[in-house]
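Read the figures in this text as sums done on the coordinates, not as results from a lab. Just so you know, these numbers come straight off a predicted model, no measurement behind them. With ideal geometry, Cβ positions are generated from the backbone for all residues, glycine too; neighbour counts draw on all protein chains shown.
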Amino acid sequence: MFALLKSIEQKSSTVLASIFNSMKLNPKLVFLFLFLFLFVGFQSVAQKFAYVDSEYILSQIPKYKSAQLQLNELSAQWQQEVEKKFLEIDNLRKAFKVEKVLLTKDMQMAREKEINTKEDEAKKFQLEKFGSEGELFRKKSELIRPIQDKLYTAINKVAKNNGLDFIFDKSGDLLMLVSNSKYDRSDEVLEELGVVSTSSEKGSNLPPQ
């Protein structure tokens with residue numbers, strides 16, 4: 001691939017030099033020819049590219065769906081506990097505001113200390129469960145990471161078996177405005193993982209003819 005790109009670059013440089021001299025460096029024409037040469041160059045290696053839809057692949061893996069369900073249940077349970085703690089604190093603050101005029105200075109300080117302590121405990125609990133290194137993050141790594149590792153291995157195997165230089169992820173940050181399903185290797189990856197697809201939704205998003 002690199003030899004091919006180098007050959008394209010050398011040929012392009014020679015021809016472009018001749019074109020530049022004949023065009024007297026007309027900016028619009030230079031830009032047009034640059035675009036055409038780059039386009040032809042990349043077309044020469046287009047067969048080395050493919051893509052997968054990792055979101056689709058994961059949705060077909062029973063272990064992944066089970067792990068997601070477990071994580072969602074844990075997250076909902078902990079979120080409910082967090083909300084309960086902060087609701088209690090909110091009620092304590094409202095009650096203190098109403099009763100404050102009836103309390104001595106020492107009693108006011110004691111109540112404020114009690115509320116602040118409960119608030120600190122609630123924030124600590126929230127961080128322990130949902131923080132960047134919290135229990136939910138660790139549980140997610142425990143359940144999801146092995147599946148992602150197997151997916152990565154399967155994608156690499158598909159790339160090697162098909163002589164592909166690049167495989168893009170349709171579900172990732174790369175914006176794919178148009179995709180032709182004939183370049184989609186997602187089902188091959190599922191086959192490598194020993195998973196049979198149960199979805200009929202996958203397809204291309206090519207514009208209508």
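Sequence-ordered 3J(HN,Hα) estimates for the stretch 91-100 from the Karplus curve with 6.51, -1.76 and 1.60 and θ = phi - 60° stand at 5, 5, 5, 5, 5, 5, 4, 6, 8, 3 Hz, glycine and proline given as x. Pairs with C-alpha atoms separated by more than 27 Å, drawn from the list 124/150; 160/182; 63/85, are 124/150; 63/85.
On the basis of the beta-carbon distance and an R0 of 30 Å, residue 68 and residue 181 show a calculated FRET efficiency of 0.70. Packing, taken as the mean count of other beta carbons within 10 Å per residue, orders the peptides 110-121, 52-63, 90-101 from highest to lowest as 52-63, 110-121, 90-101.
Can you work out the FRET efficiency for the pair residue 81 and residue 153, with r the C-beta to C-beta distance and R0 = 30 Å, to the nearest 0.05? Once rounded, the FRET efficiency stands at 0.20. Shape of the stretch 62-141 from the C-alpha gyration tensor: prolate (a/c of 1.5 or more and a/b above b/c, with a ≥ b ≥ c the square roots of its eigenvalues).
Eigenvalues of the alpha-carbon gyration tensor of the stretch 57-202, scaled by 5 and square-rooted, set the equivalent ellipsoid semi-axes at 53, 14, 13 angstrom, largest first.
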